[in-house]
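The values are calculated or read from the model by the stated rules, or taken from the named source; none is laboratory data. Given the structure is predicted, the values throughout are model-derived calculations rather than measurements. Heads up, the Cβs are rebuilt from the backbone with ideal geometry, glycines too, and the neighbour counts pull from every protein chain shown. Note: areas computed on protein heavy atoms with side chains; ligands, DNA, RNA excluded. Shrake-Rupley method; radii C 1.70, N 1.55, O 1.52, S 1.80 Å.
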Amino acid sequence: MPVEQRHTPLTVETIEPQMCTLDLRHSILRQLPFFAGLPSDAIEEIQRRFHEHGYAAGETIYLAGDAATHLHVVARGKVKVLRHSLSGQDVLLDILTPSEFFGTLSALGDAEYPDTAQALTQCCILAIAAEDFQAVLQRYPAVAVAALEIVTTRLRAAQEQVRQLSAHPAEQRVAATLLLLAQKLGEEHQGAVLLQVPLSREDLAAMTGAAVETVSRIMSQLRKAGIIRSGRQWVAIAHRERLAALAADTPG
């Protein structure tokens, strides 16, 4: 509908540095799989080694190929992570929300960042330097074991995502990607599932390994079929079952 095209239903959050309070830092770090099971005094010691940084929407946090000097954690806002594929395309690997970590360190086996991280919205990011994280690993051996397992799993998942980009038709990839985003970022809104994140056709094209023109055509078809609603940088899923059928490449 014309009104949907002119107005966005997305919640725009203004994030100020003072919003990354000490209580929030404790809460975020406690949720990290690295530090699961550590007592409160250990979390208190570890959080003092993290420093917070604010980023505006669209600002680059680091580039692929930069020296891996920090491990980052989203405290407020959303971050997108991209990887340059062998075909020359930027592939949107993930959209990260609060309590998720990104980046890497030489202590975790990477001398350089393998991907690029950009602020998708205003963000408050917690970061720990390589030497500080090394000190945490030495003091808490359980963190070292968890870190290696987590990073290995993430690397395999990223490689598999890039590999699968050419394994399915573009329509199926777009449908599957919208479902994944709905599971992670979806909110009920007027009888649909609104993806609570600004999502451009360029973002969706990068995430699915398709041309922007192809994604625009597919999204137009989905909108005409009543499966989605969309406007400028927003998408809401109106019929999740029909979208799931397209993602599975089965009759809807």
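Computed from label points 7 Å out along Cα-Cβ, the spacing between Glu188 and Leu24 is 2.7 nm. Label positions at Thr153 and Ser216, each projected 7 Å from the Cα along the C-beta direction, are separated by 4.0 nm. Computed from label points 7 Å out along Cα-Cβ, the spacing between Leu180 and Ala42 is 3.2 nm. Accessible area ranking (1.4 Å probe, heavy atoms, ligands and nucleic acids excluded), largest first, for Lys224, Lys184: Lys224, Lys184. The percentage of C-alpha pairs in the stretch 205-252 whose separation is greater than 14 Å is 56%. Compactness of the stretch 22-72, taken as the C-alpha radius of gyration over 2.2 N^0.38 Å, stands at 1.36.
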